[in-house]
Amino acid sequence: MNTIDYIYAVAIKFFDGTITYNEEKDLFDWINLDTDNRAKFDQWEEEWIAANKTTDETRQAWNEVLEGIQEHEENQRKRVYIWKYLRAAAAILVLMVLSATATWIVSNHQEVDYYTFSTEMGSKSRMTLPDGSEVWLNAGSVLRYSSDFNRKNRSVELLEGEGYFHVKKQGDEEFTVKTQGYDIVVKGTKFNISAYKSDNLITTALIQGKVEIKNPTEQMDLIPGEMVSFDRTTGRLTKGAYRSDMHAWVDNKMEYESIRLDDLARVLSRQYAVNISIASQSVRDTRITVSLRNKETIDDVTAALERIAPIKIKRNGKELYIHAR
């Protein structure tokens, strides 16, 4: 058996939930070699999903599996592959955690199960939904969907945090992401949503395809290169140009041009699981340009900030204090 035949056979076992740990490592080592391998894997996944249409029986089997999941895997700044022996279910969810501690929570409300996926501060994660759509969750994010997903609806809720979505097109079926400020309705596209409760703005940036933004009072369409912001204070939606740095975090990068130190402090707090306090409003309003590759420690970052801005940073464990120099 040549390499590609072996990898294909292992991929099918991965989708079926019968893969071994060593086989999974071989599979993801191959996927991460180049983008062509990733594209081939995605194609196999689509073909597998199409060949295993969800039935009530397999859905029930999957629900039983989900009820038993409460696994934690954590590895500081390294890729972790979580593998489990799952019974064959067409509505399979593929979970790959990148330096994350992830927890599945199943709750019952009015005879509908809700599946909640969360990432801790200082972590990121990636998941594949039962319809084949992929979601990357940034630090401190929470995503939820019901057991009706891919059966009666394709609707998820971003309860907190930031997510990058690659939605699989399924004919004319709509895919909806609900946030506290508005709903994002799509059919097949790539977009980034930031909806942290500590941020005043809820933003959506469209990378590919087309999305429709809806709330009780307004509705607008986005095309690639555009973004929309919802101001929690005024309740207004504003459309503008998309910044290329908005989903850099998916590739483990942090790119900001002329960001307020106060806004950067919130990003760093989530990224490194620390608490940052700033002494004065003038320091909070200081604007800087930052380019990180997520290999830097928080001490590396604070040392760099002290070099490029007129500030002094004191650290006491997870508590950081910034004041004017």
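The values are calculated or read from the model by the stated rules, or taken from the named source; none is laboratory data. Remember, predicted model here, so these are calculated numbers, not experimental data. Every residue, glycine among them, receives a Cβ derived from its backbone with ideal geometry; neighbour counts consider all protein chains shown.
Structural remarks
- For the stretch 302-325, the set of residues classified as among the hydrophobic types (A, V, I, L, M, F, W, C), touching a strand residue (DSSP E or B) at 6+ places or on another chain (Cβ under 7 Å) and assigned to a helix (DSSP H, G or I) consists of Leu305, Ile308, listed by residue number.
- At least 1 residues being at pLDDT below 75 and polar (S, T, N, Q) is the threshold, and among the helices (runs of 4 or more DSSP H) wholly inside the stretch 1-73 those reaching it are 21-31, 56-67.
- Annotation: Ser229 fulfils all but one of (1) crowded, with 16+ Cβ neighbours inside 10 Å; (2) small (Gly, Ala, Ser); (3) touching a Lys or Arg at 6+ places or on another chain (Cβ under 7 Å); the unmet one is (3).
- When Asp221 is tested against the conditions (1) of a type outside the set (Phe, Trp, Tyr); (2) farther than 30 Å from Ile311 by Cα; (3) in contact (Cβ under 8 Å) with a residue 12 or more places away in the chain, the lone failure is (3).
- Residue within the stretch 292-304 that is among the polar types (S, T, N, Q), surrounded by 19 or more Cβ atoms within 10 Å (Cβ to Cβ) and farther than 28 Å from Thr204 by Cβ present: yes
- All of Ala279, Ala265 fail the test of being more than 19 Å from Leu159 (Cα to Cα), surrounded by 14 or more Cβ atoms within 10 Å (Cβ to Cβ), over 17 Å from the mean Cα position of the chain (by Cα) and small (Gly, Ala, Ser), apart from Ala265.
- Lys84 over 24 Å from Asp29 (Cα atoms) and modelled with pLDDT under 90: no
- Evaluation of Thr189 against (1) within 26 Å of Lys152 (Cα to Cα); (2) at pLDDT 90 or above (one fails), failing number: (2)
- Any hit, the stretch 215-227, residues being among the β-branched types (Val, Ile, Thr) and assigned by TED's automatic domain parsing to the domain that holds Ile184: yes
- Condition broken by Gly235, with the remaining ones in (1) surrounded by 21 or more Cβ atoms within 10 Å (Cβ to Cβ); (2) farther than 19 Å from Arg266 by Cα satisfied: (1)
- Filtering the stretch 146-191 to residues that are hydroxyl-bearing (Ser, Thr, Tyr) and surrounded by fewer than 19 Cβ atoms within 10 Å (Cβ to Cβ) leaves Ser146, Ser155, Thr176.
- Check on Leu222, of a type outside the set (D, E, K, R), within 11 Å of Tyr242 (Cβ to Cβ) and out of contact with any Gly (no Cβ under 7 Å at 6 or more places or on another chain): yes
- Counted as qualifying within the stretch 148-262 are the strands (runs of 3 or more DSSP E) with 3 or more residues that are under 21 Å from the mean Cα position of the chain (by Cα), namely 155-166, 175-178, 183-186, 190-195, 201-208, 211-214, 226-231, 254-260.
- Any hit, the stretch 303-314, residues being touching a residue at least 12 places away in the same chain (Cβ under 8 Å) and within 25 Å of Ser194 (Cα to Cα): yes
- Checked against the criterion of being without any contact (Cβ under 8 Å) to a residue 12 or more places away in the chain and either outside any loop (DSSP other than H, G, I, E, B) or more than 12 Å from the chain's Cα centre (by Cα) (or both), the stretch 120-133 has no qualifying residue.
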